[in-house]
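Peer 1: Input: one structure, supplied below.
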Amino acid sequence: MTASAPIRDISAQPALFQTILELIRRTSTQLPDDVVRAVTAARKEEAEGSNADVALNVIGCNIGLARENSLPLCQDTGTILFYVHTPVGYDQIEFEEIATQAVREATKVGYLRQNSVDSITGKNTGDNTGPGSPVFHFMQWRKPHVEVKLMLKGGGCENMNAQYSLPHPDLGGRDLKGVENAILDAVLQAQGQGCGPGILGVCIGGDRATGYSYAKEQLLRTMDDTNDDPLLADLESRVVDKANQSGIGPMGFGGRTTLLACKIGKQNRLPASFFVSVAYMCWAYRRRGVTVDMAGNAGEWLY
Amino acid sequence: MATVKLTTPIDEATIRSLHVGDTVSISGRLYTGRDAVHHRLHEGVKPPVDLKGQIIYHCGPVMVKEGDRWVCKAAGPTTSSREEPYQWEVIRNFGIRGVIGKGGMGEKTLNACREYGAVYMHAIGGAAQVCAASIKRVDGVDWMDLGSPEAIWHLWVEEFMAIVTMDAHGQSLHKQVFEESKRKLAALKA
């Protein structure tokens, strides 16, 4: 995707344009219910009047204000990540053009911040488009409709992603123990920087690029799901349990809630490689989705 | 814990009376300044406003122009550690009394806070609407050539809430929590 590509007039797909614009609005302004439930439950864990309690109270107020006023939960509206499933034969090029127009409009009205900057000159394009922005992941499926998921991942948490190559002199070998120690090291290093309490998406294996990509995709799972793989399910709960004994707490102020969830997937690796890729997500865990019919109309809202 | 009310500009004695853990409620002017602003000041460009006694807010807000007026749509703190190479110098050269951000800063900034009389105040990261609710006006903007998120916005705030996490006495909550959590996680190692 390049900014210079000719952009189709939205009149080609007015319904799709509106659907994507509404998806962006909801994602930026309304935290999904599963995340709200986890944040609300966390507050009960913290000592009343502690800094952690104050932080979670402010976070709760913020969630309400953003929804009520239809304004961004967080000013860093992040990397714009579209995950799109389409029927065989669907025009993905047109989807990309229409969705890009919706991103431009969402930026103009303030659902999104002007967030796309030339990496060398520092010039802001002003409309969130440009090389690499927004990001589209297309996948075909044999269903008759389109499904669009959108994640907005802020820079504060993105900066705290980490990738480990095992064996590691301090963290251990190529086994579940080494993986667990690597993930908890990422939690230690992320404290305060990525706005906690956080949520982790993890990929064991893959190459350096697919590992990070798959780690991020784990964040499309719901907070309360259970991993089909019993070994990974066990690791997920052990990581959350230990992270919450670390005392890092919300915002790194100290306290009992450091992680709200950890979601781990695995990909095959080369015999020579063993990567553990950790995608850190802040409490402002903005991901939503919608099913779309062939005319571009919204069907079911996801999450 | 009682909340300390601060009005900008702030004098040195008031700043030195603050301690880690204090909750503060700030009213008056805040200037935003983040990566590009700190880099430019470090390169020797003079600030377009008098920063003496003022607070710099590490923030890249969502701003929308409605008619001829700028309106702040969201304005939470950004990660402060990126300004660690520059912040001490900005405190020393321009007489800043406070920095608002998130995630805390390192030894250079902590030393500058002690030496020149300044504090680091932590806003709640991600809470862009709670922060924006206390911004009553946008009075101006400088250095828009850096792009809207990186510009110096002149904000007028009432009762902007933050927690002192680094004080002028050499104390840092971030250092304490990091050391304790490192020890606890080492004990829990698989």
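Peer 1: Take A:Val35 and tell me if it is open to solvent by less than 40 Å² (accessible area, probe 1.4 Å), under 18 Å from the mean Cα position of the chain (by Cα) and away from chain B (no Cβ under 14 Å).
Peer 2: no
Peer 1: Oh, and also: Mind checking which residues of region A:169-224 are of a type in the set (Lys, Arg) and in contact with a strand residue (DSSP E or B) (Cβ under 9 Å, 6 or more places away or on another chain)?
Peer 2: Result: A:Arg208, A:Lys216, A:Arg221.
Peer 1: To continue, here is another question. Kindly indicate whether A:Glu68 is out of contact with any Gly (no Cβ under 6 Å at 6 or more places or on another chain), within 11 Å of another protein chain (Cβ to nearest Cβ) and surrounded by fewer than 21 Cβ atoms within 10 Å (Cβ to Cβ).
Peer 2: yes
Peer 1: Still on this model: Restrict the check to region B:21-37 and report whether at least one residue is buried (at least 21 other Cβ atoms within 10 Å of the Cβ), closer than 21 Å to B:Trp156 by Cα, at pLDDT 95 or above and touching a helix residue (DSSP H, G or I) at 6+ places or on another chain (Cβ under 7 Å).
Peer 2: Yes: region B:21-37 contains one or more residues that are buried (at least 21 other Cβ atoms within 10 Å of the Cβ), closer than 21 Å to B:Trp156 by Cα, at pLDDT 95 or above and touching a helix residue (DSSP H, G or I) at 6+ places or on another chain (Cβ under 7 Å).
Peer 1: Under the condition of being farther than 22 Å from A:Met223 by Cβ and in contact with a His (Cβ under 7 Å, 6 or more places away or on another chain), which residue from region A:249-303 is surrounded by the most Cβ atoms within 10 Å (Cβ to Cβ)?
Peer 2: Ranking the qualifying residues of region A:249-303, first place goes to A:Val292.
Peer 1: Would you be able to tell me the number of residues in region A:100-116 that are at the interface with chain B (Cβ under 10 Å from one of its Cβ atoms) and open to solvent by less than 40 Å² (accessible area, probe 1.4 Å)?
Peer 2: Qualifying residue count, region A:100-116: 5.
Residue by residue, here is whether (1) part of a helix (DSSP H, G or I); (2) over 14 Å from A:Lys242 (Cβ atoms) holds:
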{"residue": "A:Arg174", "(1), (2)": "no, yes"}
{"residue": "A:Val179", "(1), (2)": "yes, no"}
{"residue": "A:Leu184", "(1), (2)": "yes, no"}
{"residue": "A:Val187", "(1), (2)": "yes, no"}
{"residue": "A:Gly194", "(1), (2)": "no, yes"}
{"residue": "A:Leu200", "(1), (2)": "no, no"}
{"residue": "A:Gly206", "(1), (2)": "no, yes"}
{"residue": "A:Gly211", "(1), (2)": "yes, yes"}
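Peer 1: What number of residues within region B:126-174 satisfy the criterion of being assigned to a helix (DSSP H, G or I) and not hydroxyl-bearing (Ser, Thr, Tyr)?
Peer 2: Qualifying residue count, region B:126-174: 13.
Peer 1: Follow-up question, since we're still on this one. What number of residues within region A:140-183 satisfy the criterion of being open to solvent by less than 10 Å² (accessible area, probe 1.4 Å) and aliphatic (A, V, I, L, M)?
Peer 2: Qualifying residue count for the region: 9.
Peer 1: Considering only residues that are open to solvent by 30 Å² or more (accessible area, probe 1.4 Å) and within 19 Å of B:Glu43 (Cα to Cα), which ones fall in region B:76-104?
Peer 2: Of everything in region B:76-104, those that are open to solvent by 30 Å² or more (accessible area, probe 1.4 Å) and within 19 Å of B:Glu43 (Cα to Cα) turn out to be B:Ser81, B:Arg82, B:Glu84, B:Pro85, B:Tyr86, B:Trp88, B:Glu89, B:Arg92, B:Asn93, B:Phe94.
Peer 1: So which residues in region A:213-234 are among the charged types (D, E, K, R), without any contact (Cβ under 8 Å) to a residue 12 or more places away in the chain and in a helix (DSSP H, G or I), if there are any at all?
Peer 2: A:Asp234
Peer 1: Right, something else. Among the candidates B:His122, B:His154, single out the residue that is open to solvent by less than 70 Å² (accessible area, probe 1.4 Å), closer than 17 Å to B:Ser27 by Cβ and not hydrophobic (A, V, I, L, M, F, W, C).
Peer 2: Just one listed residue meets the conditions, B:His154.
The values are calculated or read from the model by the stated rules, or taken from the named source; none is laboratory data. The structure displayed is predicted, hence computed values, not measured ones. All Cβ positions, glycine included, derive from the backbone under ideal geometry; neighbour counts span all protein chains shown. Heads up: the accessible areas ignore ligands, DNA and RNA and are worked out on the full protein's heavy atoms, side chains in. Shrake-Rupley method; radii C 1.70, N 1.55, O 1.52, S 1.80 Å.
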